[in-house]
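First up is the structure itself, then whatever we jot down about it.
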């Protein structure tokens, strides 16, 4: 009997299921998001084909492999370079990673990407007689701050490390100052330097310094080993450091842009712009549950025109501008979630297709046990009004009544 | 008198050797030129705190991260004094266990850079770097 109920419920709800097949499932706001690598995206590289070296050695190895040990120009190669991280970002500790100064944010997030496609390309979209090269950049103009939890953990780590540093430094100084062995070595080093005219590379001076270093190290090890308070602080510090995780909340603005050059007949003197794009992503997410996301995208000669699903426009030299925004409220303490989404799409230099826009508001209530009630209401690109509910939620809801019987 | 820092730069190299302790002499003259100290912490994403005692004065206490170049005193005033530097570098970076401290001294007879380095065993471990530098005039 229960199985029959399930079957009937499934058949009934399958009808409204078709109403979900509108543009909300086909057109995603995420389509407008900036690609992770602008240059590689413009030349249709798969994300897995993009090299992302994290240090200079890895970059040189990647380049050597792509150029067949520096004997050929690479013909199918895409790479993302983050200069600050590539050169190991000397001095970048966690306290600076929360900096909101533009200069810090820019240098920590700047990525240069480049890609090349040559004659061995298997893609039909690229003329094998020509050579394609793209360049792109990506950086943050503004980024969110550390979350409350991240800041609190970091403050605890800093406090504990500060207490340990202060304790070790003061105790070590007192120990060295009162050590006759250490003071005798220091005196011997000074005398030797006076005798040799200040040559710190003198083997005897180096040997004395080595002895003093070893003595200092043994004192330090003893201090840490004997002080219970130091050991317990180090243990707590480790525990806090292991749980440390960077989470960011707040307003952010990211920019990405790139251009592809087509070298006709592989001549560097005969080039033209093949395609290009610029992406601006902005918004914010807040611990209260509010999230705001805004996206704007300009493309020159895109593979697919967002405003032209039917493929009406065939000519080249097309510029498109698409934009979208989404607001979400999903309080961690509440079962209710509300979101609104708008998308605008247009072709800038052709009159064949008019600009159009879509606006949808979604409301959702979590009934628990994987049951949700949802409702959406909005305006389609064509101007018609649409509304709908969540089919899966309805199925779970009916199942609940069946169990009670 | 003052030579180009780069032309006489000297590095106590410890790039690939673990070293958490330093005990050395920094040669100075009797001038009124300022001697400066700079500390750079690595690897990116680590957390560090430094404590510095110059002779008997705790001149830096609980300083987070790298320390920009700052004056310690004139050559004349520093003669015979010692500086004690203790830095705790905690491994909070998820992509590396390397910890590093670079100490740079300028304004004496020559620019000098010391490198201390340790790979901590486990995620969240700390490296404690201690350095004692004596300012000495011949």
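The values are calculated or read from the model by the stated rules, or taken from the named source; none is laboratory data. Bear in mind that the values here come from a model prediction, so they are computed numbers and not experimental data. Glycine also receives a Cβ, built like all others from the backbone with ideal geometry; neighbour counts cover every protein chain displayed.
Taking only segment A:194-214 into account, find how many residues are touching a helix residue (DSSP H, G or I) at 6+ places or on another chain (Cβ under 6 Å) and at the interface with chain B (Cβ under 8 Å from one of its Cβ atoms).
Initially, segment A:194-214 is screened for residues touching a helix residue (DSSP H, G or I) at 6+ places or on another chain (Cβ under 6 Å), giving A:202, A:204-205, A:208, A:211-212.
Remaining after also requiring at the interface with chain B (Cβ under 8 Å from one of its Cβ atoms): A:205, A:212.
Going through segment A:194-214 one residue at a time, the tally reaches 2.
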* Asked: Tally time: how many residues in segment A:64-87 are under 18 Å from the mean Cα position of the chain (by Cα) and part of a loop (DSSP other than H, G, I, E, B)?
  -> 1
* Structure fact -> Within segment B:58-92, residues within 11 Å of another protein chain (Cβ to nearest Cβ), surrounded by fewer than 19 Cβ atoms within 10 Å (Cβ to Cβ) and in contact (Cβ under 8 Å) with a residue 40 or more places away in the chain come out as B:80
* Asked: Of all residues in segment A:150-176, which are free of Cβ contacts under 8 Å to residues at least 24 places away in the same chain and either at the interface with chain B (Cβ under 9 Å from one of its Cβ atoms) or under 31 Å from the mean Cα position of the chain (by Cα) (or both)?
  -> A:152, A:155, A:159, A:162, A:165, A:166, A:169, A:170, A:173
* Has segment B:94-101 got at least one residue that is closer than 19 Å to residue A:84 by Cβ, within 8 Å of chain A (Cβ to nearest Cβ), more than 13 Å from the chain's Cα centre (by Cα) and buried (at least 24 other Cβ atoms within 10 Å of the Cβ)? -> no
* **Extreme residue, farthest from the other protein chains (Cβ to nearest Cβ), among residues of segment B:30-45 that are in a loop (DSSP other than H, G, I, E, B) and in contact with a helix residue (DSSP H, G or I) (Cβ under 7 Å, 6 or more places away or on another chain)** => B:32
* Report yes if some residue within segment A:250-273 is at the interface with chain B (Cβ under 10 Å from one of its Cβ atoms), in contact with a strand residue (DSSP E or B) (Cβ under 8 Å, 6 or more places away or on another chain) and surrounded by fewer than 17 Cβ atoms within 10 Å (Cβ to Cβ); otherwise report no. => no
* To do: Could you identify the single residue in B:129, B:111, B:135 that is within 18 Å of residue A:238 (Cβ to Cβ), more than 7 Å from chain A (Cβ to nearest Cβ) and crowded, with 19+ Cβ neighbours inside 10 Å?
  => B:129
* To do: Could you tell me whether segment A:291-302 includes any residue that is crowded, with 17+ Cβ neighbours inside 10 Å, in contact with a helix residue (DSSP H, G or I) (Cβ under 6 Å, 6 or more places away or on another chain) and over 29 Å from residue A:337 (Cα atoms)?
  => no
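Quick grid of which residues meet (1) part of a strand (DSSP E or B); (2) at pLDDT 80 or above; (3) in contact with a helix residue (DSSP H, G or I) (Cβ under 9 Å, 6 or more places away or on another chain); (4) over 30 Å from residue A:300 (Cα atoms):
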site	(1), (2), (3), (4)
A:324	yes, yes, yes, no
A:344	yes, yes, no, no
A:351	no, no, no, no
A:367	yes, no, yes, yes
A:396	no, no, no, yes
